[in-house]
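The values are calculated or read from the model by the stated rules, or taken from the named source; none is laboratory data. Being a predicted model, the structure only gives us computed values, none of them experimental. Heads up, the Cβs are rebuilt from the backbone with ideal geometry, glycines too, and the neighbour counts pull from every protein chain shown.
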Amino acid sequence: GIVARLGGDEFVAVAPCPAGEASAATTAARLLATLAAPFDLGVQEVFVSASIGVAMYPAHATTREGLFQNADAAMYRAKASGRNAWCFFEAEMSMETRRRMQLEQALHRALERGEFELHYQPRVDLRSMAVIGMEALIRWNHPQLGRVAPLDFIPIAEEKGLIDAIGAWVLQEACLQNGRFLRQFGRPLRVSVNLSARQLRCDSLVARTAAALEAAGLPPNLLELELTESALIEDMDVSARRLGELKASGIRIAVDDFGTGYSALAYLQRFPLDILKLDRSFINQQIDGAGNANFIKAFIDLAHALNLSVVAEGIETANTLDILRMSQCDEGQGYLFSRPLSLPEFQLFLARLPAPAGGI
Ligand code: C2E
Ligand code: MG
Ligand code: MG
């Protein structure tokens, strides 16, 4: 038979597959096809996706633990290939699984051991070219593995339920530091913090955010929360209500990585959003393609008509910057201005800026 392990909320299926790998493949594909259709809950439609890892008995393992472990390894591969996919176990996946398990164990203690730090990437107003804020980006300094990239550990933290605690720390730290920047440099900067889907669903988010602002002595309009489209649509009603509460308290709400997912403006109107962050790949696609900025310009006009401010992510070249400025893009960040900076580097960066002219 096969043991299939579905990611996210873990669910284990054991299905007899008399015809071996061929029938396991059919079963996995049918599961995905069934899940791909929207579920109608009466009041709204819900979309789910799954990543399936398949381990065969006895070819891949002969014990229960072995089968689960290998199905797990295959599931991570399926996930990495872009979700909504399935994958058979292969022997070399054991290595990956070992590294993952090592990360997983270390991640449980990383917070209490103070292994996280925030880096800050400056954000620029594309009209005045003044620095008006920064994105807080988490870094994990593992004592043996060195620096682990957020894309390598955030998904694990999300899956293992550690993201609430880590996210709460990020929120507190980002607010605290921004309060200090405000007092130290007399410069009101808006700090933007990335939230995971799970944090948005958490009942205590609004109270926690208010507490973080309060403790930092930071006005709410100097905090922005970034969410991806997929986080927003996971549960549209909860998202809309939660964002409504946050926005009512004066916090800015941004959609991150726009142009990588569903990328439809129409349904975003359901949410009380302030800012659309265009992903680097989305911008570069448009610019490289036709060699002109008509589409970007039209897109930004449309966003403006919907009362959304537009931020370009990952600006690396002067050419891209020119096109974005001509297209009336509001703000931008990217290596052209600055890479994400450690706290001391960012303080130095702020100290060297010309005096603020008005601020936010
Ligand atoms: P993101 O929120 O879209 O952050 C932007 C990413 O693009 C950052 O990667 C940043 O270093 C990188 N970047 C900035 N400018 C440029 C550029 O000009 N060119 C290129 N090629 N890249 C640029 P980073 O720091 O590795 O973060 C990756 C992702 O991890 C973030 O994407 C975000 O989704 C997630 N993340 C980071 N910090 C947190 C956090 O505190 N909480 C949560 N939930 N997720 C986080
Ligand atoms: Mg972001
Ligand atoms: Mg982004």
Quick one: residue 211 ticks every box in (1) more than 11 Å from ligand 1 (Cβ to nearest atom); (2) part of a helix (DSSP H, G or I); (3) under 27 Å from residue 101 (Cα atoms) bar one, so which box is it? (3)
Against the condition within 16 Å of the chain's Cα centre (by Cα) and either of a type outside the set (Val, Ile, Thr) or more than 16 Å from ligand 3 (Cβ to nearest atom) (or both), how does residue 167 come out, does it pass? yes
What do you reckon, is residue 123 surrounded by 15 or more Cβ atoms within 10 Å (Cβ to Cβ), touching a strand residue (DSSP E or B) at 6+ places or on another chain (Cβ under 9 Å) and of a type in the set (Lys, Arg)? yes
Of the residues that sit in region 191-205 and are part of a loop (DSSP other than H, G, I, E, B) and hydrophobic (A, V, I, L, M, F, W, C), which one is modelled with the lowest pLDDT? 202
Where a residue in region 206-228 is of a type in the set (Ser, Thr, Tyr) and its partner, wherever it lies, is within 14 Å of ligand 2 (Cβ to nearest atom), with Cβ under 6 Å and at least six apart: 228/256; 228/257
Being part of a loop (DSSP other than H, G, I, E, B) and either exposed (fewer than 14 other Cβ atoms within 10 Å of the Cβ) or within 16 Å of ligand 2 (Cβ to nearest atom) (or both) is true for just one of 158, 112. Which residue is that? 112
Select from region 82-106 the residues that are among the aliphatic types (A, V, I, L, M) and in contact with a strand residue (DSSP E or B) (Cβ under 8 Å, 6 or more places away or on another chain) and write down the one among them that is nearest to ligand 2 (Cβ to nearest atom). 103
Taking the conditions exactly as written (within 15 Å of ligand 3 (Cβ to nearest atom) and without any contact (Cβ under 8 Å) to a residue 60 or more places away in the chain), does residue 323 satisfy them or not? no
Looking only at region 108-118, decide whether some residue is of a type in the set (Phe, Trp, Tyr) and closer than 30 Å to residue 345 by Cα. yes
For region 250-304, give me each residue that is touching a Ser or Thr at 6+ places or on another chain (Cβ under 9 Å) and on the phi > 0 side of the Ramachandran plot. 257, 259
I need a count of the residues in region 225-262 that are away from ligand 3 (no atom under 12 Å from the Cβ), surrounded by 15 or more Cβ atoms within 10 Å (Cβ to Cβ) and of a type in the set (S, T, N, Q). 2
Scan region 269-299 for residues that are closer than 23 Å to residue 233 by Cβ and away from ligand 2 (no atom under 16 Å from the Cβ) and jot them down. 269, 270, 271, 272, 285, 299
List the residue pairs whose Cβ atoms are under 8 Å apart, where the first residue sits in region 80-100 and is in contact (Cβ under 8 Å) with a residue 24 or more places away in the chain and on the phi > 0 side of the Ramachandran plot, the second is part of a loop (DSSP other than H, G, I, E, B) and polar (S, T, N, Q), and the two are 6 or more positions apart or on different chains. 83/49; 84/49
Within region 17-37, take every residue that is loosely packed, with under 11 Cβ neighbours inside 10 Å and in a loop (DSSP other than H, G, I, E, B) and give me the one that is nearest to the chain's Cα centre (by Cα). 37
Enumerate the pairs (first residue in region 128-145 and over 19 Å from residue 330 (Cα atoms); second residue anywhere and more than 14 Å from ligand 1 (Cβ to nearest atom) and assigned to a strand (DSSP E or B)) with beta-carbon separation below 6 Å, excluding pairs fewer than 6 apart on the same chain, so at least 6 apart or on different chains. none
Residues of region 125-155 being small (Gly, Ala, Ser), under 30 Å from residue 354 (Cα atoms) and in a strand (DSSP E or B), which ones? 133, 136
